[in-house]
Amino acid sequence: MSGREPTIDTTVPHSARVWNYWLGGKDNFPVDREAGEQFLETFPGIAQMARASRAFQERAVRHLAGEVGIRQFLDVGTGLPTANNTHEVAQSVAPESRIVYVDNDPLVLTHARGLLTSTPEGRTQYIHADLYEPESVLEQAGELLDLDQPVSLMLMGVLGHVQKYEEAVFLVQRLMAGLPPGSHLTVSEGSNVHSEANAAAQDEYNESGAVPYISRSPEQIGGYLEGLELLEPGLVPVTRWRPLAVGAEQPAELDQYGGVGRKA
């Protein structure tokens with residue numbers, strides 16, 4: 001990466017910074033906090049969804065590193081670092097794990113050094129690149145990862161920013177095409193089936209000047225995993241993907257779906 005670093009626009013909210021605000025982080029600006037609070041006024045459950053999505057990501061990474069034996073992770077649309085980032089979870093299970101983070105948010109770029117902390121046995125790298133250029137993402141990731149060995153591709157809450165659903169599916173397919181058999185795809189995306197208040201809040205946010213986020217049906221989210229072998233329990237609300245506490249009552253259904261698929 002060379003040349004001038006991109007500037008941070010603090011005049012409109014940014015989804016990564018708003019998400020950071022909901023998670024209790026400090027890497028956000030007044031415009032992000034205002035948008036976040038407006039969303040919360042219409043749909044207070046969004047903070048719970050943000051935390052549940054993060055917890056799902058942690059459980060998925062822990063399973064992939066521990067039970068499946070994945071040692072390479074490609075996290076595209078990283079967002080801002082909070083707690084239990086992909087490299088922290090993976091390397092807590094397998095210290096030799098290698099993680100490549102990818103994002104095009106300039107604020108994430110300024111925090112790259114924080115992301116780059118790694119165990120001595122493993123490696124962590126940040127790439128300033130774009131989801132819309134999957135071949136470039138794979139080429140740069142290949143400088144650290146061995147793309148002849150299984151990789152876990154993480155796409156957490158980023159595909160809703162691709163306005164055309166068919167294009168979002170195509171981008172996922174292009175990324176997975178560059179990864180070998182045994183690789184896994186972990187997806188988490190906002191849906192639109194359980195809460196009218198959530199849909200209304202999302203519409204308000206999309207009119208704020210920020211890059212819009214398109215909530216999609218569970219069937220559409222499942223389309224990102226088409227052609228892969230779904231790990232149990234399949235595509236479900238993120239609270240119901242291998243919850244740590246298993247009791248008589250099912251965890252609440254949220255408008256956030258997640259799943260993990262394996263490339264045969």
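Each reported figure results from applying straightforward, stated rules to the coordinates on display, with no laboratory input. The structure displayed is predicted, hence computed values, not measured ones. Positions of Cβ are generated from backbone atoms using ideal geometry, with glycine treated the same way; all protein chains shown enter the neighbour counts.
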Once you keep just the Cα pairs under 8 angstrom separated by 6 or more residues, what percentage relative contact order results for the chain? 19
Let me have the relative contact order for the range 5-86, percent, based on Cα pairs under 8 Å that are six or more residues apart. 29
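Would you please classify the overall shape of the range 92-152 from the alpha carbon gyration tensor, given that a ≥ b ≥ c denote the square roots of the eigenvalues, rounded means a/c under 1.5, and beyond that prolate means a/b larger than b/c while oblate covers the rest? Walk me through the numbers on the way to the answer.
Working: a/c = 2.60, a/b = 1.16, b/c = 2.24.
Judged from the Cα gyration tensor, the range 92-152 comes out oblate (a/c at least 1.5, b/c at or above a/b).
Contour minus end-to-end for HIS161 and ARG51, with contour as 0.36 nm per residue of separation and end-to-end as the Cα-Cα distance? Walk me through the numbers on the way to the answer.
Numbers: separation 110, 0.36 × 110 = 39.60 nm, distance 1.95 nm.
Stretched fully, the HIS161-ARG51 segment lengthens by 37.6 nm.
If you filter the range 139-245 for trypsin sites (Lys or Arg not before Pro), then keep DSSP loop positions with at most 12 other Cβ within 10 Å, what is left?
Filter output for the range 139-245: LYS164.
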Taking only DSSP H segments of four or more residues, each worth -39500 (n - 2.57), what value at 222 nm results for the chain once the sum is divided by all its residues, to the nearest 500 deg cm²/dmol? -10000 deg cm²/dmol
Pick from GLU135, GLU143, GLU249: which residue has the top mean-square fluctuation in a GNM of the chain where Cα pairs under 10 Å get a spring? GLU249
Going by the alpha-carbon gyration tensor, a ≥ b ≥ c the square roots of its eigenvalues, is the range 47-183 rounded (a/c under 1.5) or, if a/c is not under 1.5, prolate (a/b greater than b/c) versus oblate? rounded
Tell me the relative contact order for the range 61-183 as a rounded percent, counting alpha carbon contacts under 8 Å between residues six or more apart. 28
What is the fewest-to-most order of SER183, SER136, SER215 by other Cβ atoms lying within 10 Å of their Cβ? SER136, SER215, SER183
Most exposed first, judged by fewest Cβ atoms within 10 angstrom, MET49, MET154 run MET49, MET154
At what distance in angstrom do the alpha carbon centres of the range 188-245 and the range 104-152 lie from each other? 25
To the nearest 20 debye, what is the magnitude of the charge dipole of the range 1-150 about its Cα centre, counting +1 on the Cβ of each Lys and Arg and -1 on the Cβ of each Asp and Glu? 520
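Return the loop-located trypsin sites (Lys or Arg not before Pro) in the range 22-85 (DSSP other than H, G, I, E, B) with at most 13 other Cβ atoms within 10 Å of their own Cβ; answer none if there are none. Provide the component values of the computation, followed by the final result.
Values: sites: LYS26, ARG33, ARG51, ARG54, ARG59, ARG62, ARG71; in loops: LYS26, ARG71.
Loop-located and lightly packed - LYS26.
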May I ask you to list the GluC sites (Glu not before Pro) in the range 176-248 that are in a DSSP loop and have at most 10 other Cβ atoms within 10 Å of their Cβ? GLU207
Set Lys and Arg Cβ to +1 and Asp and Glu Cβ to -1, take the dipole of the range 108-259 about its Cα centre, and tell me which of GLY178, LEU116, VAL162 lies farthest positive. LEU116
By the gyration tensor of its Cα atoms, with a ≥ b ≥ c the square roots of the eigenvalues, what is the shape of the range 167-264: rounded for a/c under 1.5, prolate for a/b over b/c, or oblate? oblate
Using a 10 Å cut-off around each Cβ, can you sort ASP203, ASP32, ASP148 from fewest to most neighbouring Cβ atoms? ASP148, ASP203, ASP32
